[in-house]
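> Structure incoming, see below.
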Amino acid sequence: MSAAELLATVSICLVSAILVCSGLGKLAAPRHARQLFMALLPVRRGTALSLVRAVAVVEAVVGAALLVPAGRPAAAAATAGLGAGFAVAGLAGRQRGTTLPCGCFGRPEGRPLGVRNVLIGLALVGFGAALLLTSPAALPADRMAVVAASLVAGTALLLWRGMVVDLARPRTRPAGAELSKEIAG
């Protein structure tokens, strides 16, 4: 694999991993993104939730489609479209002075919408355009699958490390739980 192919593979897989994790995060925990949608758009709670779910599904599907050679051109265009949407949302958040976190990965942590989101959005627009212009459809699929799976797992562990720690940590029982068990038994 040449250096250019390696760079293309890692770039596509990284963007894929970020989009898949972002979509799955919003599907699992849509509350924070829903609150932000309600702050930016004149929509009701139910409509905002539907919008968040729609964006989440699109992100996850586009992220997965980037890994499929036949779907890569459409996924590249959709990535550019998502990037443009993120940039517009960042501008709107900055203009309105929202202090709500973006909820991008289903997490309550994070900065509010602003310049960072605009830059990320513009980077995705550039990535999508570059992918459309170069169309590296012939990248080795087996390597892409391994790299993408590794990056999705790593990104998920990094993003949701708090939840992973909570799952791995043994649950603590309230102070009187053992005594109540002995009395009842």
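> Considering only the other residues whose Cβ falls under 11 Å of the Cβ of R45, what net charge follows from Lys and Arg at +1 and Asp and Glu at -1? Intermediate results must be reported in sequence, preceding the final value.
Working: positive: R31, R34, R44; negative: none.
Summing Lys and Arg as +1 and Asp and Glu as -1 gives +3.
> How long are the semi-axes of the ellipsoid equivalent to the stretch 3-171, from square roots of 5 times the Cα gyration tensor eigenvalues, in whole Å, largest first? Write out the running numbers ahead of the final one.
Numbers: eigenvalues 148, 85, 35 Å².
Calculated on Cα positions only, the semi-axes equal 27, 21, 13 Å.
> For the stretch 37-133, with only Lys/Arg (+1) and Asp/Glu (-1) charged at the beta-carbon, what is the dipole magnitude about the Cα centre, in debye rounded to 20? Mind showing how you got there, number by number?
Numbers: 9 positive and 2 negative charges, 56 e Å.
So the dipole magnitude of the stretch 37-133 works out to roughly 260 debye.
> Can you give me the accessible area per residue for the stretch 37-128, using a 1.4 Å probe, in Å²? Don't skip to the end; give the middle numbers.
Values: 4800 Å² over 92 residues.
Per-residue accessible area for the stretch 37-128 comes out at 52 Å².
> With a point put 7 Å past each Cα toward its Cβ, work out how far R53 is from Q95 in nm, to one decimal.
Each label point is offset 7 Å from its Cα along the Cβ direction, giving 3.0 nm.
> What distance in nm separates the simple spin-label points at E5 and A84, each placed 7 Å from Cα in the Cβ direction?
Placing both labels 7 Å along Cα→Cβ, they lie 3.3 nm apart.
> Taking Cα pairs under 8 Å and at least six residues apart, what relative contact order does the stretch 29-85 come out at, in percent? Don't skip to the end; give the middle numbers.
Numbers: 28 pairs, mean separation 13.3, N = 57.
Answer for the stretch 29-85 is 23 percent.
> Separate question: Using the alpha-carbon centroid of each, what span in Å lies between the stretch 81-102 and the stretch 1-76?
15
The values are calculated or read from the model by the stated rules, or taken from the named source; none is laboratory data. Since this is a predicted model, take the numbers as computed values, not measurements. Every residue, glycine as well, gets a Cβ built from its backbone with ideal geometry; the counts of neighbours run over all protein chains shown. Calculation scope for accessible area: heavy atoms of the full protein, side chains included, ligands and nucleic acids excluded. Shrake-Rupley method; radii C 1.70, N 1.55, O 1.52, S 1.80 Å.
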